[in-house]
1. Can you name the number of the only condition in (1) crowded, with 21+ Cβ neighbours inside 10 Å; (2) among the charged types (D, E, K, R); (3) part of a loop (DSSP other than H, G, I, E, B) that K477 fails?
2. Output the helices (runs of 4 or more DSSP H) that fall wholly within the stretch 303-402 and possess 2 or more residues being surrounded by 17 or more Cβ atoms within 10 Å (Cβ to Cβ) and at pLDDT below 85, or say none.
3. Quick one: which residue in V553, V574 is aliphatic (A, V, I, L, M), closer than 18 Å to F77 by Cβ and crowded, with 19+ Cβ neighbours inside 10 Å?
4. Regarding the stretch 131-138, can at least one residue be identified that is modelled with pLDDT of 95 or more, under 24 Å from T206 (Cα atoms) and among the aromatic types (F, W, Y)?
5. Could you pull out the residue among Y114, Y134 that is touching a residue at least 40 places away in the same chain (Cβ under 8 Å), among the hydroxyl-bearing types (S, T, Y) and not in a helix (DSSP H, G or I)?
6. Among the residues of the stretch 193-204, write down those that are part of a loop (DSSP other than H, G, I, E, B) and either hydrophobic (A, V, I, L, M, F, W, C) or in contact with a strand residue (DSSP E or B) (Cβ under 9 Å, 6 or more places away or on another chain) (or both).
7. Restricting to the stretch 231-270, what's the tally of residues that are among the β-branched types (V, I, T) and either without any contact (Cβ under 8 Å) to a residue 12 or more places away in the chain or within 12 Å of T388 (Cα to Cα) (or both)?
Amino acid sequence: MRTAAALLILVALAPCQADEPQNHWAWKKPERPKVPVVEGQQFANPIDAFVRGKLTAAKLSPAPPATREQLIRRVTFDLHGLPPTPEEIDAFVSDKAPDAWAKIVDRLLASHRYGERWGRHWLDLARFADTNGYEFDEPRPDAWRYRDYVIKSFNYDKPFDRFVTEQLAGDEVFPNNPEALVATGFNLLGPDMTDSADQAQRRLNTLTDMTDTAALAFLGLTVTCARCHDHKFEPISQKDYFRLQAFFTPANFRKDVPVATPAEVTARASAVRSYEQSTKGLREQLAAVEEPHRKKMFEDRLAKLSPDARTAHRTAPASRTGGQIELVAETEAKVRVTDAEVTKALTPAEKALTEELKAKLKAFDSKKPPAPPVAMGLTDKPGAPPKTFLLERGELDKKGVEVEPGFPAVLLPENKEAPAPVKALANSTGRRLALANWVASTDNPLTARVIVNRLWQHHFGRGIVGTASDFGFRGQKPTHPELLDWLACELMYPTDKGSDSSQPWSLKRIHRLMLLSETYQQSTQATKDGAAVDPDNRLLAHANRLRLEGEAVRDSLLAVGGRLNPKVGGPGVVLPEASRAAGGSRVVAVTADPVEHTRRSVYLLSRRNLKLAFLEAFDLPDSNLSCPKRERSTTATQALALLNAEETMVAAKALADRLTREAKTEDARIALAYRLALGRAPSAKEMDRARAFLKESPLHELCRALFNVNEFVYLD
């Protein structure tokens, strides 16, 4: 029979169906609640007061603190996705200063490895991949720039409101900032059927994807159902959906947004001038031979198109309307003239002349400047934007009423529908900036709640709201609603305004607050009463034991053997197994330098249609969709990977070599193996077992056995 406390918990955690959807708690702007007073207890950290208040009400006691070895291993993986070194463990264990734990947290947050770890969490939400997906899964050669932008933003503790603004409207608000231009690639990261026969439908699919993902990632709101009809469960109408999409409708989807810095632009301009002066005569002669053929073929193909399409192609790109942009995209392949086609059209004499000219031009290749850096992203232009229509059943050919950009009515004061305050800019319509200003506003009831909940989820194993990308009426009710609102307000309005770390919207400050809490520092020991009353540990009577993600497991294998390449950023590394053809996609060239193959997993080329088997075994998410939370399954495939995968075998031998170099005796090697792999010294019983094992097996087999101990992939 359930106890009264258990029944109260079940009621509190049930889906939010008690109120009318329009009066749902998440639609109301958070207000900072008072920190609760728990009788007989005082807390330096407000988080503990909120958590302990719930535990006291449920008549539960908190678990004792974790050991120092457990704590530094937990927090190092939490913030870096890597194991602590023996030296780091020893330094923390021996540091008796009152601020020893705070110093560890600050050191980890200051490292560039923090961005690599937490950037990966955001990339899951952003459905990041280095390829297009669908049948041909073509590479996106510049997608990595967005990945590096995210990592850098986390490392520099970019205020979250600016992080949001740059991704939604970086080109509109910071048109001369290469980072902000790269940030808009967020909107184009979804899968793309580049060979679609219907380019207008392809554009609509992309608009749909960016609308849905922006709502999920920034607002924790599921709007997808409202594309075809009024949402069945949430107070989101079909009109709301297309009003939201209207913010994105004027955007041009580009793969060639220039992102060179001013210094790079100046240097390249000088190199271009030098090259053009040196080759002017040769290029003019070559053009005189080829261009007449190229122009004739283009005009012949253009004549076969509709009058509207011909007009669109003849209109200068900067002057094309939204409809003309779609027409050009849809018919571009029909009028494209390739170099091979031009060569085939040449007379024998012309062909001989062009080959001679091209050979002479080749001698100047060393002076030819490389192509300027470009990125995927959005740009916009001023003027009248294309119209947006409500589409019946979401179908392109069933246009309903015209709609203007606007926010979901339920999120506006008193649930009143109102047009969005859009102000045209010199370089754009200003629509996406209007959306960004609303999303990143302190008046928005969702944005701050959603991001602090995401941080809580990764630190504690489960969000205060268990459905991290669904704060709606059908989402789970918060376990600690007052704490959630307190954290959201603390993110937007810091209480320590006089300190150096009082920047509003600072994620590192919220990390620090959570990590310094007694709640975070608890052990994973569950009490008998806790297991009976709160079996899912939603009230946090103890810390949750969490399994590492695949990237952290692979990176740990590299780190403990001393093989991890610390290089930061750049194009995705292609491992041999990731290079092969898959489905309709072609082979991708393997990264030539083998040293690159041991870089962190976040820098590996991510293919949508061919996942790395080792990472996939540990629940690598589907990059076609925004992923709010990784699954943590326990499967035979994981055990087989840790036993037999090449990653494990190579890591075991590397660790054995390291032990042989760094420890002179067998006992010292056993002790060091445990400290490197598990973050602790072996017990007397474990020492005896290891000695017996080594009498019959080589050292690298002991290392492989340690990789298969639960402690290697689970955090206490």
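1. (1)
2. Where helices (runs of 4 or more DSSP H) fall fully within the stretch 303-402 and carry at least 2 residues being surrounded by 17 or more Cβ atoms within 10 Å (Cβ to Cβ) and at pLDDT below 85, they are 322-335.
3. Within the list V553, V574, the selection yields V553.
4. no
5. Sole residue among the options that is touching a residue at least 40 places away in the same chain (Cβ under 8 Å), among the hydroxyl-bearing types (S, T, Y) and not in a helix (DSSP H, G or I): Y134.
6. Across the stretch 193-204, the qualifying residues are M193, A197.
7. 2
Matching residues to (1) assigned by TED's automatic domain parsing to the domain that holds T388; (2) in contact with an Asp or Glu (Cβ under 7 Å, 6 or more places away or on another chain); (3) without any contact (Cβ under 8 Å) to a residue 40 or more places away in the chain:
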site: P292; (1), (2), (3): no, no, yes
site: F298; (1), (2), (3): no, no, yes
site: R301; (1), (2), (3): no, no, yes
site: H313; (1), (2), (3): no, no, yes
site: K334; (1), (2), (3): no, no, yes
site: T354; (1), (2), (3): no, yes, no
site: L361; (1), (2), (3): no, no, no
site: F364; (1), (2), (3): no, no, no
site: K367; (1), (2), (3): no, no, no
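The values are calculated or read from the model by the stated rules, or taken from the named source; none is laboratory data. Please read these numbers as outputs of a predicted model, since none were measured by experiment. Note that we place each Cβ from the backbone using ideal geometry, even for glycine, and neighbour counts take in every protein chain shown.
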